[in-house]
Structures are given as structure tokens and as C-alpha cells.
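A short worksheet on the structure shown next.
The values are calculated or read from the model by the stated rules, or taken from the named source; none is laboratory data. Small disclaimer: the values here were computed from a predicted structure and weren't measured. Every residue, glycine among them, receives a Cβ derived from its backbone with ideal geometry; neighbour counts consider all protein chains shown. What goes into the accessible areas is simple: the full protein's heavy atoms, side chains included, and nothing from ligands, DNA or RNA. Shrake-Rupley method; radii C 1.70, N 1.55, O 1.52, S 1.80 Å.
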Amino acid sequence: MFTPLTMRPRVLSGIQPSGNLHIGNYLGALKNWVAMQHGYECVFCIVDLHAITVYQKPEELRAKILEIAALFLASGIDPKLSSMVVQSMVPAHAELAWLLTCVTPVGWLYRMTQFKAKTESMEGSSIGDGLLQYPVLMAADILLYQAAVVPVGEDQAQHLELARDIAQRFNSLYGDTFVMPATSLPSVGARVMGLDDPTKKMSKSEKGSGHAIALLDAPADMRKKIMRATTDSNPHIDFETMGPGVANLLSIFQAISEWPDDQMKNHFSGMRYGDFKKQVANAVAEHLEPFQQRYNQIRQEPGYLESVLREGAGRVSPIANSTVRTVKQRMGIYTE
Ligand code: TYM
């Protein structure tokens, strides 16, 4: 029913080209994507149709799409192994989203935590329908490629559950069509918290200057933000009583270093916060410096990013179109 590019199970994930990508996006998603490339057939999307669910200045959005593509490559996504796709370049995403909208009860969408959080402070009349339909489009991204595994951060787990519910409902109405996608969360770094307020998830849309470490921040700024990060009133690290700020910095360090728990405990127990923060700052800056060099190199090659994106869209379009054809046939509507 769908045409595999290879015999490996398929992975799909996506990032919105809105705001500045931060270390939470990297540790929660991108770093894992890079690791999965050899074992899976991967499709990584720049989800611009999701980004426009809130107004984006057109010229900024266009620039952001290329910035994100370069960040994918700088992270280690290899376009020979994985397909890098701009969602709007493959019209089947939007088409499948509509078809799935028709099997999705609206009550499921009103229950989504992210919808509730995003619209909490909005007047009813200013809430775009796109915000409500957002997770259906996300389900379409995944089901379009019959993805078996979806690597994301913890904040997307509820949307993934909904994608499975939609797939199940479609399968029960129209016959077995979609593979059930599994959620893959990293063991450490699935929910990186704000440096200024460790009770809040680190987020692209948060504006505070000490909130997030952007992947393209100058190393001196990264260090400054970590040194100023909120901790607690303990004088040094105590794994039994530490507050969320210290736990957050420890998990950032652990996700980057990939140290096991016992090494973390042996090394950091009893360390004074000033020394501890210096070590976290060094680990982050040293990890991201070569990353930024790769990013700058990529940005200097004119036309390269566009060619990678065109090739990605060309490679995945036959799979996407074949899924949409099957879905339309099953639903009894015209395919040509
Ligand atoms: P987006 O663009 O908000 O975030 C991209 C990825 O980064 C993860 N993430 C985090 N991980 C750990 N700590 C954090 N503080 C943090 N903030 C963000 C997210 O979980 C995500 O994996 N709806 C999605 C994009 C999307 C998608 C898809 C994902 C569209 N279609 C299909 C998977 C499959 C989103 O807005 O991600």
C-alpha cells in the first residue's frame, strides 16, 4: 500500500520554523534524530504549515525555514541517509489533514493541553481554527509516511496519542490502513525547563533573555545564562533534596555528556553551585561551538540548502501521494 524507500522501519518528526531553536529542541528531538538515522528510514520535516497557525511575517518565515534546514544539517542530519522536507512543498500533508479532520471528533481537539495553554489568554473571536486543527495536521504528517516511530520531546506526547486515536478510528471505519506510530522520548532531556523559571518548559515563544539557550547564541551569552540560572537555597548539590533548577541543569549536562547516573552522582554530589554551573556552561558551549561552525559553513554555500530540500520533497512525494490515494479510495472519493 505504501512504497518503502528501504527495508528499515520509518521514522518521522518535525520542528516548527518559528522562534529560535533552543537546547530543549536539540536535546529533546534533534540529537535523537541524528542517532536514529542509521537504524531507520527517516523523514524530518520543517513544519511551516504548523507555524502559520499563528501569524508569521512572510519574509521572516521564509528565512526561518532555511535557518532550520541549516540547523538540521549542523546537528548531523545527513541528507544522503534522511529526507529533509518542508511540509508545504508536499501538498499531500494538507490534503490528508483534511481527510483526517473528517474522522476526528472536535471534543478530542478541545481536550489538548497545548491548545488550552495557547488560547488561555485569547478572546474566542481571535482563536484561529488552525490552532484547534493543529494536532490533526500533525497526525497527517506522521500517518502519511506510515511512520513506525516518532522521536519527540515530552510536550508532544499527548499529540502523539491523538494521532494513534485518529489512526485507529480511521482503521475501524474504513479498514486497516495506517500503521500505529510509537512515541520515542529521550531518557534524559525530554523536558528541558526554562533557566529563569525551572517550573516552566523551555519554549521558543518565551521572550525573557535568561529563559532559553538558543542554538545560535554566542558562547559567551550561553555561559552567562547558565551562570545566572535559577537554583535553590542549598549551598551545594544534594541529589536527595535538590530543587527543579539544579535537576534541570544536571539533566542538560547528562544529555550532552551521556554520562550514566552513577557517574553523575559521583562527580557532582556535594559540588558548590558556582563550580557546578561552570562545568555545565563549559559542556554546553564546547558542544555547540563546532555545531555553530558547521552552521556557518553551510550558510555560505549558495543554493545548497534549497537543493537538499527539493531533493527531500522529491524523494518522499511518491510515498505521500500513494497514502493519500489509498485513503481517498477507502473513503469512496475520487482519486484523479
Ligand atoms: P516544536 O517545534 O515546538 O518542537 C520541536 C521538538 O522539540 C521538542 N521540544 C522540547 N524537548 C525538550 N524540552 C523542551 N523544552 C522542548 N521544547 C520543544 C518538541 O517536543 C519537538 O519534538 N507539533 C510539533 C511539530 C510537529 C511534529 C509533527 C512533531 C509537527 N508535525 C509530526 C512530530 C511529528 C512542534 O510544535 O514541535
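Computed quantities for the displayed model
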| read-out | value |
| --- | --- |
| Percent accessible area from carbon and sulfur atoms, the chain, protein chains only, probe 1.4 Å | 52 |
| Virtual spin-label span in nm between A247 and W98, 7 Å along Cα→Cβ | 4.6 |
| Shape call, the stretch 1-120: gyration tensor on alpha carbons, a/c limit 1.5 | oblate |
| For G14, distant residues with modelled amide H under 5 Å away | C45 |
| Candidates per GluC sites (Glu not before Pro) in the stretch 217-297, loop by DSSP, up to 16 other Cβ within 10 Å | E240, E258 |
| Cα centroid separation - the stretch 59-90 against the stretch 188-239, whole Å | 26 |
| Degrees, to the nearest 10: 244-257 long Cα axis against longest axis of the chain | 70 |
| Backbone N under 11 Å from the T113 label point (7 Å along Cα→Cβ), restricted to the stretch 141-170 | 154-159 |
| Fully extended contour minus Cα-Cα distance, from D238 to E120, at 0.36 nm per residue | 38.8 nm |
| Dipole magnitude (debye, nearest 20) for the stretch 33-102, charges at Cβ of Lys, Arg, Asp, Glu | 60 |
| Acute angle (nearest 10 degrees) that the helix 304-331 long axis makes with the longest principal axis of the chain, alpha-carbon atoms | 50 |
| With Cα atoms, 0 to 90° folded angle of helix 92-101 axis to the chain main axis | 80 |
| Three semi-axes of the equivalent ellipsoid, the chain, Cα gyration tensor, whole Å, largest first | 36, 22, 19 |
| Table column - 3J(HN,Hα) (Hz), the stretch 186-198, Karplus curve with 6.51, -1.76, 1.60, x for Gly and Pro | x, 5, 10, x, 5, 9, 7, 9, x, 6, 7, 8, x |
| Over the stretch 1-139, relative contact order from alpha-carbon pairs under 8 Å, at least 6 apart, % | 26 |
| Built amide H within the under 5 Å cut-off of S184, gap 5+ | V150, V152 |
| Most mobile of S126, S251, S83 in a GNM of the chain (Cα contacts under 10 Å) | S126 |
| Relative contact order for the chain, counting Cα pairs under 8 Å that sit 6 or more residues apart, in percent | 24 |
| Counting DSSP beta bridges with both ends in the chain, the antiparallel % (nearest 5) | 20 |
| Positive-end residue of P219, L249, F268, charge dipole of the stretch 219-296 with Cβ unit charges | P219 |
| Charge dipole magnitude, Cβ of K and R +1, D and E -1 - the chain, Cα centre, debye nearest 20 | 220 |
| Two-site label geometry, A35 and R62: point separation in nm, points 7 Å out along Cα→Cβ | 3.8 |
| Fluctuation leader among D176, D217, D129 - the chain, Gaussian network, Cα springs under 10 angstrom | D129 |
| Links that overshoot a 24 Å alpha carbon limit, given the list K57/K224; K31/K225; K31/K57; K116/K328 | K57/K224; K31/K57; K116/K328 |
| Compactness index (Cα Rg / 2.2 N^0.38 Å), the stretch 201-291 | 1.06 |
| Amide N of the stretch 128-147 lying under 16 Å from the label point, which is placed 7 angstrom from the Cα of I333 along Cα→Cβ | 136-137, 140-141, 144 |
| Relative contact order of the stretch 207-336, pairs being alpha-carbon contacts under 8 Å that are 6 or more residues apart, as % | 24 |
